[in-house]
1. If you go through segment 242-259 one residue at a time, do you hit one that is within 20 Å of the chain's Cα centre (by Cα), modelled with pLDDT of 95 or more and of a type in the set (Val, Ile, Thr)?
2. Pick out, from segment 1-61, the strands (runs of 3 or more DSSP E) lying fully within it that include 2 or more residues that are free of Cβ contacts under 8 Å to residues at least 40 places away in the same chain and among the hydrophobic types (A, V, I, L, M, F, W, C).
3. Kindly indicate which of 307, 300, 296 is modelled with pLDDT of 90 or more and more than 28 Å from residue 211 (Cβ to Cβ).
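The values are calculated or read from the model by the stated rules, or taken from the named source; none is laboratory data. Not measured: the values here are computed from a predicted model. Using ideal geometry, Cβ is built from the backbone for each residue, glycine included, and neighbour counts are taken over all protein chains shown.
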Amino acid sequence: MTLWRIRATVDDRPGYLSVLTASLALRGVNILTVQVQPTEQGAVDDFLVDAPDALDEAELIAAVERGRGRDCWVARSEARGLADQPTRVLGLANRLVRDPDATGEALRTLLGADSVSWRPAATGDDRGIADTRMLLADPAGGSFALRRAAPAFTPAEYARAQALVELAATVTRRAAEQVTLVLPDDAEVAVRPASADDLAGVLELHEGCSPRSRERRYLSGAALPRQDRLRRLLEPTRGLTLVATTTDGDGTVVAMANLLGEGDEAEAALLVRDDWQRRGLGSALLRRLVSHADRAGYAALVLHVRADNAPMLRTLRRLDRPSSVQRDAGLLTLTLPLAVAVPAARRGVFLSPAGSEGSRTPVDQVTR
């Protein structure tokens, strides 16, 4: 017996798939897996089959056509093809989490592409599939162009590939935002995007802050915030939350910086544990929030600060950016206009059929 991959289109009507499978069964073909992908032209059926050694490609195509299949494509397969599609996609996703630079190779493996190349720019109208060509949007800027000799790409394949590209871009962004800060007093802290897993550490941060520090952060009193509120802050719907942790073994959270998007503006706020204040940490975190807001394309950054919060006002002055100030009793609202930034284009990546790959920008290191 020999493993084959067969792809054919049938009318998307009741019973048509059974006619095709019956035609294959009459020739002793055992269907191991089947995937059905709806398209405008009909249902694209993708089979992995085990066929008698005596059957060749032409006979398999003839069997498909007798079963009312059309646009048939047949190719030999290997034992690794026995892994079902969800398992293969999950395996590739796991690889990208560990190595997002392998995006091109993952796309080639997923789709059996002959070539994958990265382009610095492409118009939105170009993205999609055209027979055996595919163009995928890269959230970091640019696009991935794929080609294969046969068969034609399907919308389902496009959706899977785009999901993998977006996963790799998310991992790359989070890795790029994970840095080590060396403060003026030579102390080191690790700064990274927050997640729901940081809830316990952020609770300890709040408990370790003085009532005055908590009141300056939340402006509504010194009580500890509720856990559901902290969960929303850790993973905002729009924006970014950073946590700063010690670089020793326990990784204690010593600061939290929030950027919360609403409309075309984003609101920023900081909480730094008392014994880490006045050491440059707040300034470093605020600069990273401003940079992220710039890249995200927000029009302005807004901060609400008590008029007696001299340390925070000094931190804002160190940004050396123009701002407007509105005063309401003891509360100041500062608005910093932001320049709309174009995302930096990702370094070029080209994959030949052999899978050789270029390199990309390494993770930033931030020092004093």
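1. Checking segment 242-259: at least one residue is within 20 Å of the chain's Cα centre (by Cα), modelled with pLDDT of 95 or more and of a type in the set (Val, Ile, Thr).
2. Details: elements: 2-10, 30-39, 42-51.
Where strands (runs of 3 or more DSSP E) fall fully within segment 1-61 and carry at least 2 residues being free of Cβ contacts under 8 Å to residues at least 40 places away in the same chain and among the hydrophobic types (A, V, I, L, M, F, W, C), they are 30-39.
3. Values: 307 fails: more than 28 Å from residue 211 (Cβ to Cβ); 296 fails: modelled with pLDDT of 90 or more.
From the options 307, 300, 296, the qualifying one is 300.
Residues checked against (1) closer than 13 Å to residue 156 by Cα; (2) surrounded by 14 or more Cβ atoms within 10 Å (Cβ to Cβ):
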| position | (1), (2) |
| --- | --- |
| 29 | no, yes |
| 35 | yes, yes |
| 44 | yes, yes |
| 47 | no, yes |
| 56 | no, no |
| 60 | no, yes |
| 63 | no, yes |
| 67 | no, yes |
